[in-house]
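The values are calculated or read from the model by the stated rules, or taken from the named source; none is laboratory data. Small disclaimer: the values here were computed from a predicted structure and weren't measured. So basically every Cβ, Gly included, is an ideal-geometry build from the backbone, and we count neighbours across all protein chains shown.
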Amino acid sequence: MKILGRVTVILCGLLLLVYVGEFPDFADPQSPASTHVSPYYIQNALEDTAVPNLVTAILADYRGYDTMFEATVIFTAGLACFFLMRLPKKEERVVFYRHRATGVTLRIDDCGAVPKDTQAFHRIDSQWVPRDLIIRSTTRLLIPFVQIYALYVLAHGHHSPGGGFQAGVVLGASIILLAISQDLRSAISKIKEKTLGILSSLGVLIYAGTGFLCLLLGESFLDYGALASLLGTDRVMARSHGILIVEVGVAMAVMSVLIWIYYNLSSAGKQDEGL
Amino acid sequence: MLNTFPAIIIVVPLLAALLIAGISFIDRRACFPIGVAALLISFAGAVAMLVNVVSTGVAMEYRFGGWAGPMGIVYVIDHLSALVLVVITGIALVNLVSSRQTIIDELKEKDGAFVALYLLFTAGLVGMTATGDAFNLYVLLEITSLSGYALIGLGSERAPLASLKYLFLGTIGATFYLVGVGYLYIATGSLNMVDLATIIPGLMDSGVILFAFIFCMTGLFVKMAMFPVHGWLPGAYSEASSPAAGLIAPLTTKVMIYILIRICLSVFSVEYVFANLDVGQIMVWLAIATIVFGSVSALAQTNYRRMLTYIIIAEVGYMVGGFFLGNKMGMSGAMLHIVNDAVMTLCLFMVAGIVVNRMKTDDRDGFKGLFRSMPFTMAGFVLAALSIIGVPPTCGFFSKWYLILGGVAAGNYWFVAALIFSSLVNAVLFFRLFEIAYFEPFGDDHHGESPGAGAVGIKEAPMIMLLPFLAVSFLLIVLGVYSGRIVTNIIYFAIPGGII
Amino acid sequence: MRGYNMDLLNLIAAKANYWTYIILMMVGFYALIAKNNLVKKIVGMTIFQTAVLLFYVSMSTKKGGTIPILHHGETTSLDPGHVSALVNVADYVNPLPHVLMLTAIVVGVATLGVALSLAIKVYKTYGTLEEDEINLQLRNG
Amino acid sequence: MTMETILSVKPLLAVLVSLAVIPFIVLSKDRNVREGWTFFAGAAKFLLILSMLPAVLKGKDVVYTAVQIFPNLGIAFRVDAFGMLFALVASSLWIITSIYSVGYMRSLDEHSQTRYFSFFAVALSATIGVAFSANLLTLYLFYEMLSLATYPLVTHHQDKEARSSGRKYLLYILGGSIGLALPAMMITYHFTGTLDFTTQGVMVGNINSGLALLLSLMFLFGFAKVGIMPMHSWLPAAMVAPTPVSALLHAVAVVKVGAFSVVRVLTGIVGVDLLAQYHISWIIAAIASITIVVASLIALSQDELKRRLAFSTIGQLSYIVLGVTLLSTSGMTGGILHIAMHAFGKITLFFCAGAIFCATGIKNISEMKGLGRQMPITMTAFLIGSLSVIGLPPCGGFISKWYLVLGTVESGQLIFLLVLLVSSLLNAAYFLPVFYNAFFVRRSEELLDNRLNEAPRWCLVALMITSGISIVLFFYPQPFLNLAKLAVAAAVG
């Protein structure tokens, strides 16, 4: 199998390399790619959508339909991981408790309902490590600012690099940081799987919903100009606001999906003990 | 209203899928009805568009976001895509309705997620068929693949491994297609298919376009499981749960072939593919190899569904070979076979679903004595088998009719021989099954009223599975009888002028 | 002799991005086909997809072009109609490949997520991630 | 010679009437009601066909297009003299066989009789469909339907032996039709553009000699039901079926469909002049004669009565093919007439074989010594049947053999005259000993009581009817003779 693999790879590589000469030069401004359609975007984006960031303009308006399916791809991935990994909630589990004062650990086999933490005992993972003060305090300090930065990235998608996806990833990362620094259960207690499921479908629903709203208002699907009547502005500004609404939806979807995938992957579907 | 249908048939299932996924966390009973309603709307829209396109003779166009041509994304619904859309939405609807019981039994809490993924898969296929933008096709290809990996992943004990292999090869195929689109974009600067079709004739001899063609073709061949790169299909389709297999098996490879035809005809024009590159001959030989390989390895299988997967690979060879014959008969045979083969495969996989539901095994021995205990199912099964073998008046015969005529017209008698060989092998395959169902268990009771249908008791499948199945098997005959009209009124419009 | 070297160097320099993308792609492709361990295959797949990202993004660059966000100057005089004349196309990089690659990155992440979850399920059923050991278990029942 | 045509839905009704009855057969609770439905269907079909006879005799064809699939091709029916002759034989004998099978199945108390009778009805509707088909596509459709409908009948006993013979049955018939007949049909359609049976044949203008020969041979061996030598061994294997099945199907319906299709293709598609032009007729005649002689020789050696009759059928079928490929008018008339004459003769013999099996359980000829005293009616019917098959005067078979002999003389190919004579002698050689053992040889003493031990009443009735018809046909062959003459006139044109 290995030799076959090597032969095909080398063959493909050589074949590609031979034809490299045919390609336009590296940064040639006159290459077909930069002279056919993209000049229109560069010149008319601001006039059409009042959004200086051309990438966001193309992303959410000219090729907004593509991006809707992009959000659907992320949503499908989240749903797929849930569908494949999630195990039914079996009650009986091996549960560990630790006495706060003395450090004695209890192991309860197939206990039914999991008892709450009390003054004396608190629940721990199987590979429990005493919390490190430095990690706990820095993460507790860091997470809010990470989230604020994410909101900044979301809001300024029009004027500076950024947008829905990037904001969603940063938000997701903040919660995952929480799950890693403490333990999965504390992160799950903050955001339950149910909210994640609903939030992720809600995010993409906002995106597709605005598109469908434009359809209902008589224009073509995802044509934010139709929202002018609702938003009370002229068509160009309506497009800019439409892009913002859509970016918010995407951020929501991306955040919840990333966390959802992390919950399932790290605990292999049981969602009780993470990494 | 009608001109918004190209958007509605894809957005409605998408919105429904999102709704279902959300609601499945609140209360799962509502998921199934919403799914069926969404597919019903989508199917009705597709039929309305087909009727409109056939009656007006003009392709429907839909601009997303209001942007025209190369700037935005445009959907084009012409004769062939409308026909394929009807097939996709119809089969998805019938399969969902008929596998309601299996979904509830096998996937207890996850039925909401299943229906959502089911709808996303269908929306992806619908989008791929209707899209007029090369990159949008890649995104939809990925949605279909991802939901396909998930649907297949939750099946029998070996399903995750098969799905993972499918994922690896599927990603290679999709990425090759993406590189192909990249090469096209570098050479022409546009992603819109109509726009590409105007620019490419000017660059006939450029190597970049040649490599774009090679990459797109390899990508699609991997995704439709042509002979050398078919490794993923047998495992994926036979290990999946029966509702998932009932959806994925009949549709994926056929839509991939539709995309192959769409790209060869509307993007790289006919002159480029057949005259400039003259690639027809090699592709037909590749198709012959696929047919022979598929048929021969189907003989060696004992598991019924695994045997079907190899037959699917052989059928892919029919369609690709028919298309690359390059004459009118061959192409119309290939296009007609997309429709016929989808319906036939759905019928056969519904039989697998019913047998697994009743006999708990999809091995060949599960068929013992079925003629006596499940006469109606076996009647439909015989009809589907006859259609695969190619016996008139079923539709399988008539698509072979066009394919063989195309082969004879092109003077490619090896392709005709491969078709005949494959029909004979199919005959052996299915009559082997009939023997098991008819003879075994060997009753030594020659005389006396043997346990007739009454005594052993007809243990038929539940009505909700049986009625759609019988309707589909009857559809095989209706499609067969109307195949002449389908070809003259719909498919001949899809073949460009340059083909005699 | 020198003239000849110069053309060759120019050829390599002018097409540097395609060289790197092809080599990177072949590395990923090799890992994806020939590697035995499933996770190594997944890593190879990611490299394979990243190479395509590099290819797309590299095709969008222009000599002397900056990031595709219109300068503050152009945006102030926002009276529609003559703004488009002001903007000089050569100043800005081609934005379209960047948009496309945002989608490709998302697709890459999604496929990675599903692949990892499938790999975990395979590990749970077969206890190993080495493909030959899995085939061994499959063969003897 | 322009052929006026009458447009009427009767041909379609004739085909569909037996299909329409199946739900009633399946759902009828009581046995007699079920048999009643079968007789009703048989009678209705026979009367429908009879009603079209006067029109056909006057030279007018009844035409009806059921489904127009392609612009110039569809499922269409055209009742001409040749089709009418075969349909008359098949539908009349279905009624008689139903009578016979009621007696046979009830006396042997066979299992799942409902399935038996319903598939019998499907087989008959397919046979009539082949008889009335206007183009090769419709003929192919009903030909395949017949093969599939007879499979459950052949493998009725559902035991291991039935499975292996069923497998052989399908291998030859389905393999032949898909492997050879389908490509030949396609290639013809490609070169000629149409598949309709026309008087001069469609191939004449646009297919060269080599291809015409190849296609004719592909059709000859493709339609394996005609039992030409290399493709014949499914027929003896199909004898594992219950006797009424082998009586009607493997003496009349199935094998005659094969012969009918081959003759239809040779006259309607290849065309008589093309046959003459490129010696195709001589080659096919040679193959047919080899089959006649070899089959008759093998029949001599068969001890089991049904296998002997099977090989005799293979020989007799090749008479039809030989008669047609002589290309002389009386030769073709003899060939076409032989379809009818042989049908009545051979079905009587199979009825007798079944009756003997019913009454005494004997299958092999060597054990049939002194049976004449016990079963006088059956054995006399056997005598009449064998005389008709051999072609001796008091029975109808004589007339068709007479025309065949005339045909060989007319066409000047005396070698085939020799074949006819030799094979008639061989026929006599393998039939008469059965009769001789039955009547003139005393059975050894263990069979003490000589009292009558006849077959069931229903079987005897059927026996007597068919043997009576064989004799009547000698004195009054007009309906079939005129039809044969009309058919030849249409074919030669």
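When you scan the range B:60-78, do you find a residue that is out of contact with any Gly (no Cβ under 6 Å at 6 or more places or on another chain) and within 21 Å of B:Ala342 (Cβ to Cβ), even just one?
yes
Assess whether C:His82 counts as being over 25 Å from B:Val179 (Cβ atoms) and modelled with pLDDT under 75.
Yes; evaluated as a whole, the condition is true for this residue.
In the set D:Lys346, D:Lys363, D:Lys369, which member is basic (Lys, Arg) and buried (at least 24 other Cβ atoms within 10 Å of the Cβ)?
Checking each option against the conditions leaves just D:Lys346.
Identify the residue in the range C:42-69 that is buried (at least 23 other Cβ atoms within 10 Å of the Cβ) and within 26 Å of A:His156 (Cα to Cα) and, among all such residues, is nearest to the other protein chains (Cβ to nearest Cβ).
Taking the candidates together, the pick is C:Pro68.
Checking the structure you have, find out if any residue of the range B:347-362 is touching a residue at least 60 places away in the same chain (Cβ under 8 Å), among the basic types (Lys, Arg) and either out of contact with any Pro (no Cβ under 7 Å at 6 or more places or on another chain) or surrounded by 24 or more Cβ atoms within 10 Å (Cβ to Cβ) (or both).
For the range B:347-362, residues touching a residue at least 60 places away in the same chain (Cβ under 8 Å), among the basic types (Lys, Arg) and either out of contact with any Pro (no Cβ under 7 Å at 6 or more places or on another chain) or surrounded by 24 or more Cβ atoms within 10 Å (Cβ to Cβ) (or both): present.
Those residues that are surrounded by 14 or more Cβ atoms within 10 Å (Cβ to Cβ) and of a type in the set (Asp, Glu), I need them from the range D:1-58; list them, please.
The answer is D:Glu35, and nothing else.
So, in the range B:163-191, of the ones that are more than 18 Å from C:Ala104 (Cα to Cα) and either in contact with a His (Cβ under 8 Å, 6 or more places away or on another chain) or surrounded by fewer than 24 Cβ atoms within 10 Å (Cβ to Cβ) (or both), which residue ends up farthest from the other protein chains (Cβ to nearest Cβ)?
Residues of the range B:163-191 more than 18 Å from C:Ala104 (Cα to Cα): B:163-166, B:187-189.
So of that shortlist, the ones also either in contact with a His (Cβ under 8 Å, 6 or more places away or on another chain) or surrounded by fewer than 24 Cβ atoms within 10 Å (Cβ to Cβ) (or both) come out as B:165, B:188-189.
Details: B:Lys165: 9, B:Thr188: 6, B:Gly189: 3 Å.
Among those that are more than 18 Å from C:Ala104 (Cα to Cα) and either in contact with a His (Cβ under 8 Å, 6 or more places away or on another chain) or surrounded by fewer than 24 Cβ atoms within 10 Å (Cβ to Cβ) (or both), it is B:Lys165.
Quick check on C:Ile22: is it in a helix (DSSP H, G or I) and either over 12 Å from the mean Cα position of the chain (by Cα) or touching a residue at least 40 places away in the same chain (Cβ under 8 Å) (or both)? Break it down stepwise before answering.
Values: in a helix (DSSP H, G or I): yes; either over 12 Å from the mean Cα position of the chain (by Cα) or touching a residue at least 40 places away in the same chain (Cβ under 8 Å) (or both): no.
No, not satisfied.
Checking D:Pro11 against (1) farther than 25 Å from D:Ser112 by Cα; (2) at pLDDT below 85, only one condition comes out false. Which one?
Of the numbered conditions (1) farther than 25 Å from D:Ser112 by Cα; (2) at pLDDT below 85, the odd one out for D:Pro11 is (2).
Could you tell me how many of the residues in the range A:237-275 are in a helix (DSSP H, G or I) and closer than 25 Å to A:Asp183 by Cα? Working first, answer last.
Within the range A:237-275, the subset in a helix (DSSP H, G or I) is A:237-266.
Within this subset, residues satisfying the condition of being closer than 25 Å to A:Asp183 by Cα are A:251-266.
Total satisfying the criteria: 16.
Among D:Ala149, D:Ala131, which is surrounded by 21 or more Cβ atoms within 10 Å (Cβ to Cβ), closer than 22 Å to D:Leu19 by Cα and free of Cβ contacts under 8 Å to residues at least 60 places away in the same chain?
Testing whether each residue is surrounded by 21 or more Cβ atoms within 10 Å (Cβ to Cβ), closer than 22 Å to D:Leu19 by Cα and free of Cβ contacts under 8 Å to residues at least 60 places away in the same chain leaves just D:Ala149.
Would you mind stating whether D:Leu235 is assigned to a helix (DSSP H, G or I), within 17 Å of the chain's Cα centre (by Cα) and either charged (D, E, K, R) or at pLDDT 85 or above (or both)?
Spelling it out, D:Leu235 is indeed assigned to a helix (DSSP H, G or I), within 17 Å of the chain's Cα centre (by Cα) and either charged (D, E, K, R) or at pLDDT 85 or above (or both).
Taking the residues in the range B:132-154 that are facing chain A (nearest Cβ under 9 Å) and of a type in the set (Ser, Thr, Tyr) as candidates, determine which candidate is surrounded by the fewest Cβ atoms within 10 Å (Cβ to Cβ).
B:Tyr149
Which of the residues spanning the range B:93-112 are buried (at least 17 other Cβ atoms within 10 Å of the Cβ) and part of a helix (DSSP H, G or I)?
B:Leu93, B:Val94, B:Asn95, B:Leu96, B:Val97, B:Ser98, B:Arg100, B:Thr102, B:Ile103, B:Glu106, B:Asp111, B:Gly112
Being outside any helix (DSSP H, G or I) and either of a type in the set (D, E, K, R) or under 22 Å from D:Ala121 (Cα atoms) (or both) is the filter here, so list the residues in the range D:146-204 that pass it.
Result: D:Thr155, D:His156, D:His157, D:Gln158, D:Asp159, D:Asp196.
Does any residue in the range D:154-174 that is within 7 Å of chain B (Cβ to nearest Cβ) come within less than 9 Å, Cβ to Cβ, of a residue that is at pLDDT 90 or above and not in a helix (DSSP H, G or I) six or more places away or on a different chain, and which pairs are these?
Here the result reads D:Leu174/B:Val391, each pair linking the range D:154-174 to a residue that is at pLDDT 90 or above and not in a helix (DSSP H, G or I).
Looking at (1) farther than 15 Å from A:Phe165 by Cα; (2) more than 8 Å from every other protein chain (Cβ to nearest Cβ); (3) surrounded by fewer than 24 Cβ atoms within 10 Å (Cβ to Cβ), find the lone condition where A:Val248 falls short.
(1)
For the range A:215-229, which positions are more than 7 Å from chain B (Cβ to nearest Cβ) and over 13 Å from A:Ile245 (Cα atoms)?
A:Leu216, A:Leu217, A:Gly218, A:Ala226, A:Ala228, A:Ser229
Could you please tell me which pairs satisfy a Cβ distance under 6 Å, a separation of 6+ or placement on different chains, a first residue in the range A:1-27 that is more than 7 Å from chain C (Cβ to nearest Cβ), and a second residue that is of a type in the set (Phe, Trp, Tyr)?
Here the result reads A:Tyr19/B:Phe211, each pair linking the range A:1-27 to a residue that is of a type in the set (Phe, Trp, Tyr).
Could you tell me whether any residue of the range B:119-138 is in contact with a strand residue (DSSP E or B) (Cβ under 6 Å, 6 or more places away or on another chain), within 23 Å of B:Met224 (Cα to Cα) and part of a loop (DSSP other than H, G, I, E, B)?
Yes, some residue in the range B:119-138 is in contact with a strand residue (DSSP E or B) (Cβ under 6 Å, 6 or more places away or on another chain), within 23 Å of B:Met224 (Cα to Cα) and part of a loop (DSSP other than H, G, I, E, B).
Out of D:Leu88, D:Leu50, D:Leu93, report the one residue that is of a type outside the set (Gly, Ala, Ser), over 19 Å from D:Ile347 (Cβ atoms) and touching a helix residue (DSSP H, G or I) at 6+ places or on another chain (Cβ under 9 Å).
Exactly one residue qualifies, and that residue is D:Leu50.
Give the residue, chosen from D:Ile390, D:Ile365, that is in contact with a Lys or Arg (Cβ under 8 Å, 6 or more places away or on another chain) and β-branched (Val, Ile, Thr).
D:Ile365
Answer yes or no: is there a residue in the range A:92-109 that is buried (at least 24 other Cβ atoms within 10 Å of the Cβ) and either within 12 Å of chain B (Cβ to nearest Cβ) or at negative phi (or both).
So far as the range A:92-109 goes, no, none of its residues is buried (at least 24 other Cβ atoms within 10 Å of the Cβ) and either within 12 Å of chain B (Cβ to nearest Cβ) or at negative phi (or both).
Among the residues of the range B:1-34, which ones are in a helix (DSSP H, G or I), among the small types (Gly, Ala, Ser) and within 11 Å of chain A (Cβ to nearest Cβ)?
Selection gives B:Ala7, B:Ala16, B:Ala17, B:Ala21, B:Gly22.
Any residue at all in the range B:107-125 that is closer than 23 Å to C:Val114 by Cβ, without any contact (Cβ under 8 Å) to a residue 24 or more places away in the chain, in contact with a helix residue (DSSP H, G or I) (Cβ under 6 Å, 6 or more places away or on another chain) and within 14 Å of chain A (Cβ to nearest Cβ)?
Within the range B:107-125 (the criterion being closer than 23 Å to C:Val114 by Cβ, without any contact (Cβ under 8 Å) to a residue 24 or more places away in the chain, in contact with a helix residue (DSSP H, G or I) (Cβ under 6 Å, 6 or more places away or on another chain) and within 14 Å of chain A (Cβ to nearest Cβ)), the answer is yes, since at least one residue qualifies.
Inspect all residues belonging to the range A:51-60 and state whether any of them is crowded, with 24+ Cβ neighbours inside 10 Å, facing chain B (nearest Cβ under 10 Å) and in contact (Cβ under 8 Å) with a residue 40 or more places away in the chain.
Within the range A:51-60 (the criterion being crowded, with 24+ Cβ neighbours inside 10 Å, facing chain B (nearest Cβ under 10 Å) and in contact (Cβ under 8 Å) with a residue 40 or more places away in the chain), the answer is yes, since at least one residue qualifies.
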